[in-house]
C-alpha cells in the first residue's frame, strides 16, 4: 500500500487532528490568463497574454480535499479549516501555496461507521507554489561574476538586503536584453543595511524605522527572471537575495 495522503494547513498536519484524506490531491498546472479578441474578416481569433510575455500571468484554482473526521474531533476540525494561510499537499510535499478555505463544509455520518464523518473542504489556491523555506544567495560587489540563479518556473520578486557604502545606491538585474533597475537616495542613511522588498515595493532601513527615497516605476521594479540573472550596481558591498522562487 502507498503512504497515506495528507495536507498541512496553517502549519498543522491534518493527521495530528485525526483527519484522513481519502484520496491524494491532484497536481494542477494553473491556467495561463489570456484575452481572446475577435477580428472581423479573420478566421479564429487573436490570443493575447494579459501581461508582458517575460512575466506571464496565471489564474487561481480550487483544490478539493475529501476528508474523513472522527466524530469527537469534528468541532475542532471545523474551527481549524477556515480563513487563509499556506497549504501543502502530500503530492507536492516540499512546496506550499497561499490559499483560502471557501464554501460550506458539510460533514455527513459515515454509513458504516457512525463514529466517523465524511465530507470535503475546498481550498482556493493562488497559482504559484513556493519553497517551504526560501532559498538565499549572497553576492559581493568584488565578485568577478555576479549571477543569481532563479531555479523556479517563473519570475520572482525577491527580498534584497544591501550592505551600503555610499550616499547613492543603485542595483540592476539583467537577463539577456531584459533588465530592471532601482536607484536609492541614501544621503541621510549611508553605511547601513537596507532592504528592497520587490513584492511589496518598499525600501526600508534595517530597523524599519524609516522608508527611503527611491526611483523605480512599477513596470521596472526589480524581478528575478527564471534562469540566470546578472547583478550590477554601485554603492553597496554585499547583497543578500531571498529569492522567493515560485513554481507551477
Selection over the stretch 19-40 where residues are more than 30 Å from residue 115 (Cα to Cα) and not in a loop (DSSP other than H, G, I, E, B) yields a count of 5
Quick check, is residue 152 surrounded by 14 or more Cβ atoms within 10 Å (Cβ to Cβ) and in a strand (DSSP E or B)? no
Can you name the residue in the stretch 176-191 that is buried (at least 17 other Cβ atoms within 10 Å of the Cβ) and modelled with pLDDT of 85 or more and, of all such residues, is farthest from residue 154 (Cα to Cα)? 182
Can you spot a residue in the stretch 101-113 that is buried (at least 18 other Cβ atoms within 10 Å of the Cβ), at pLDDT below 95, in contact with a strand residue (DSSP E or B) (Cβ under 7 Å, 6 or more places away or on another chain) and assigned by TED's automatic domain parsing to the domain that holds residue 28? yes
Residue check for residue 96: assigned by TED's automatic domain parsing to the domain that holds residue 18, at pLDDT 95 or above and outside any strand (DSSP E or B): no
So residue 80 passes all but one of these: (1) in contact with a helix residue (DSSP H, G or I) (Cβ under 6 Å, 6 or more places away or on another chain); (2) closer than 15 Å to residue 13 by Cα. Which condition number does it fail? (1)
Options 194, 173; residue that is outside any loop (DSSP other than H, G, I, E, B) and at pLDDT below 90: 194
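The values are calculated or read from the model by the stated rules, or taken from the named source; none is laboratory data. Treat the numbers as computed from the prediction; the structure is a model and nothing was measured. Glycine gets a Cβ as well: all are built from the backbone with ideal geometry, and neighbour counts include every protein chain shown.
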